[in-house]
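What follows is a short report on a single structure.
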Amino acid sequence: MLFFYLLATLTVLGALGATLMKNLIHCALCLILFFLGIATFYILLGAEFIAAVQILIYVGAVATLVLFAIMLTQNVVGETTLKGLGQNRWWALGLTAAVIGILGSAIHHQRFSAASYAGRLTTQEIGQALVVVYALPFEVVSLLLTGAMIGAIVIAMEDRKKKQ
Amino acid sequence: MELIDQLFVLLKQAILKTSESFLPPVFLPFLSILISITAIALFAPLTMMYLTWLERKVIARMQNRFGPNRVGIYGLLQPIADGIKMLTKEDVVPLGADRVVHFLAPVAVVVPSLLLFSVLPFGRGMTAVNLDIGLLFFIAVSSIGTLAIFMGGWASRNKFSLLGAMRALAQMISYEVPLVLSVVPVVMMTGTLSTQKIVEAQAGWRGFHWYLFTPWGVVGFLIFFICSVSEVNRTPFDIPEGESEIVAGFHTEYSGMKFALFYMAEFLGAFAYSALGATLFLGGWQGPLLPSWLWFGLKTFFLVFVMIWLRGTFPRLRVDQLMSYAWKFLLPMALVNILAAGIWHYLSFPLSLIVSASVLLIGFIALSRLAPTGTRLEKRVYRYAE
């Protein structure tokens, strides 16, 4: 239990740091701390596969891409990064409250039975579920990702005509 | 024979047995974990120290020199002397550096590379943590090290460090894709992600039923090995720390023990990746006559030797060559390899060999012919992104 609260504090601190810090790189590093915290929660819940995937995708790929994007922007360390938020503050607060409200009510109405926790899913079962039971959503998601990839390639495409 | 094979396992059991008499039974699982951790925490730095010695010695021989030969016989005490020197050196932190991140980076780079050792099967029954998802754990944890390198490079507030860090990020994210895809055939064949079960699946043929001896195994192993050399930043893929271009890359501004920690992470990574390569494709601890941990050690050290050999042989790649090699050759080749593994699985013996080998050959020839050669060094004009 003590362990849980320690991890929870660390994770929340990471999330707060990611939103409140002035330096964009520090924000990204706090975000990584937050991702790692979430992964440890998955391990505590016995979902090792999800934890590993969380680290692989969020820490290994998403955070790296975030850092890359930051490196390609100007004013990384600037004190100017936080200025634009001033007039949008109330909008942001309202939106956040709405999201918290919706999520909170959803969690509140969901009845978590003891049985749903007790099952320790093996990797094999997850794989079976992905390609047998949930094959259609899985394929739709891969179609979506392929579309996004083609879009990225089109954006980054070289203009051969203009050069000649 | 059995005794030598299970020497370390029996040793651990003996320690647990003797402590049963004076420890309450609640603590025994913790003691068991503690013994494994201690073994790894002792083994890893010791290996790293003697890997530096091995590398200097081998490279020296390849260059017709003697290498370290002053401290101890054959320079065997050189790593210890180096360690003492590193510890007593002045720790210089640049004035403009981001002190906290600069301090955290060397720690953050070593911890993941130590964690890698926890899932390696060092011998029969000698996996410290026999995770159900060992392979996935290895790949996930090894991707954290990249971020630590970035932290170090960025926090130094130095152009060369930043360039090195950026190169490291780009390189590792590129080579991770073919690396993961190259191990997929092994997972397909064994149906498990546990490193121990993957080794057990390669039993038979008097201990020579290695995946290396199948068409998809050869190609997968080569892709895996090339990518792992790149993942641990070793020559010919060491552009993040290319001395001739960017001083020392991400660790330019590190000195003393902090520098040594970066160095340690690199060697631990090289060893861990070699060990994983041996596990996945060279049958891990399987082999005739010799005890299992010796087989594992021999295979791993052979792969480490090949890494050193590559360093002594090849010049460094250019950034654009490195990227196009990963994305235009290794990645499609890894996909072709997955197809070949599928064919191997579903056809019976003589046909499976012929068809999957010819698929791989056609894929290789097509990719090496189709891949554009040469680079035009001019400004790119984008159609939509300007």
Worksheet item: When Cβ neighbours within 10 Å are restricted to other protein chains, what is their mean count per residue of peptide B:378-384?
Response: 5
Item to complete: Indicate the gyration tensor shape class of the stretch B:98-197 (rounded, prolate or oblate), computed on the Cα atoms with a ≥ b ≥ c the square roots of the eigenvalues: a/c under 1.5 is rounded; otherwise a/b larger than b/c is prolate and the rest oblate.
Response: oblate
Discussion item. Spelling out what I want: for every residue of the stretch B:311-321, take phi, set θ = phi - 60°, compute 6.51 cos²θ - 1.76 cosθ + 1.60 (Karplus), and round to whole Hz; glycine and proline get x.
Written reply: 5, x, 10, 9, x, 6, 7, 8, 4, 5, 4
Item to complete: Using only Cα atoms, locate the centre of the stretch B:57-98 and the centre of the stretch A:3-36, then give the distance between them in Å, rounded to an integer.
Response: 38
Worksheet entry | Most to least packed among B:196-209, B:275-288 [average Cβ atoms within 10 Å] | B:275-288, B:196-209
Discussion item. Output wanted: per-residue J couplings in Hz (rounded whole) for the stretch B:158-171, from phi through Karplus 6.51 cos²θ - 1.76 cosθ + 1.60, θ = phi - 60°, x for Gly and Pro.
Written reply: 9, 4, 5, 4, 5, 4, x, 5, 5, 4, 4, 4, 4, 5
Practice prompt. Using R₀ = 56 Å, calculate the FRET efficiency as 1/(1 + (r/R₀)^6) where r is the Cβ-Cβ separation of A:M149 and B:T18; round to 0.05.
Written response: 0.40
Worksheet item: What shape does the protein assembly as shown have by the C-alpha gyration tensor, where a ≥ b ≥ c are the square roots of the eigenvalues, rounded means a/c under 1.5, and otherwise prolate means a/b greater than b/c and oblate the rest?
Response: rounded
Worksheet item: Chains A and B: buried accessible surface, both sides, probe 1.4 Å, rounded to 100 Å²?
Response: 2900
Worksheet, complete the sentence: Once normalised by the length of the stretch B:146-289, the mean sequence separation of its alpha carbon contacts under 8 Å that are 6 or more apart gives a contact order in percent of 35
Worksheet item: Roughly how many debye, to the nearest 20, is the charge dipole of the stretch B:202-322 about its Cα centre, given +1 on each Lys and Arg Cβ, -1 on each Asp and Glu Cβ, and no other charges?
Response: 500
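Rounded, prolate or oblate: which fits the stretch B:3-118, taking a ≥ b ≥ c as square roots of the Cα gyration tensor eigenvalues, rounded meaning a/c under 1.5, else prolate when a/b beats b/c?
Oblate is the answer for the stretch B:3-118, as a/c is 1.5 or above yet b/c matches or exceeds a/b.
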Fill in: Under-5 Å amide H pairs with B:T127, H placed in peptide plane, nonlocal only
B:F122
Discussion item. Ranking request for peptides B:328-335, B:27-34: highest mean number of other beta-carbon atoms within 10 Å first, then the rest in descending order.
Written reply: B:328-335, B:27-34
Fill in: For the protein assembly as shown, size of Cβ-based charge dipole, Lys and Arg +1, Asp and Glu -1, in debye
1020
Fill in: Violating pairs (Cα-Cα greater than 32 angstrom) within the set A:K22/B:K258; B:K197/B:K258; B:K57/B:K89
B:K197/B:K258
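About its Cα centre, what dipole magnitude does the stretch B:65-167 give when the only charges are +1 on Lys and Arg Cβ and -1 on Asp and Glu Cβ, stated in debye to the nearest 20?
Here the stretch B:65-167 has a charge dipole of around 340 debye.
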Worksheet item: Roughly speaking, what is the centre-to-centre gap between the stretch B:303-317 and the stretch B:199-250 when only Cα atoms are used, to the nearest Å?
Response: 11
Worksheet item: Across the residues of A:53-61, average count of Cβ atoms on other protein chains within 10 Å?
Response: 5
Item to complete: Go through B:H345, A:H108 and list them by solvent-accessible area, largest first, probe radius 1.4 Å.
Response: A:H108, B:H345
Practice prompt. Work from the charge dipole of the stretch B:178-297 (Cβ charges, +1 for Lys and Arg, -1 for Asp and Glu, about the Cα centre) and give the residue of B:H209, B:F267, B:W293 farthest towards its positive end.
Written response: B:H209
Worksheet item: Along the stretch B:339-351, what does the Karplus equation 6.51 cos²θ - 1.76 cosθ + 1.60 (θ = phi - 60°) give for ³J(HN,Hα), rounded to whole Hz, x for Gly and Pro?
Response: 4, 4, 5, x, 4, 4, 6, 9, 9, 8, 3, x, 5
Fill in: Calculated [θ] (222 nm, deg cm²/dmol) that DSSP helices of n ≥ 4 give over chain B, each run adding -39,500 (n - 2.57)
-21500 deg cm²/dmol
Response to the item:
Counting only protein heavy atoms and leaving out ligands, DNA and RNA, the solvent-accessible surface of B:K89 at a 1.4 Å probe, in Å² to the nearest 10, equals 110
Item to complete: Determine the shielding of peptide A:26-38 by partner chains: average, over its residues, the number of Cβ atoms on other chains within 10 angstrom of each Cβ.
Response: 2
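Highest mean first, what order results for B:11-18, B:116-123 on Cβ atoms within 10 Å?
B:116-123, B:11-18
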Discussion item. As I understand it, the dipole of the protein assembly as shown uses +1 on the Cβ of Lys and Arg and -1 on the Cβ of Asp and Glu, about the Cα centre. Which of A:N88, B:Y254, B:I35 lies farthest toward its positive end?
Written reply: B:Y254
Worksheet, complete the sentence: Restricting to Cα pairs under 8 Å and 6 or more apart, the percent relative contact order of chain B works out to 20
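The values are calculated or read from the model by the stated rules, or taken from the named source; none is laboratory data. None of the values given here were measured: they were computed from a predicted structure. When we count neighbours, we look across all protein chains shown, and the Cβ atoms used for this are built from the backbone with ideal geometry, even at glycine. For accessibility, only protein heavy atoms count, side chains too; no ligands or nucleic acids. Shrake-Rupley method; radii C 1.70, N 1.55, O 1.52, S 1.80 Å.
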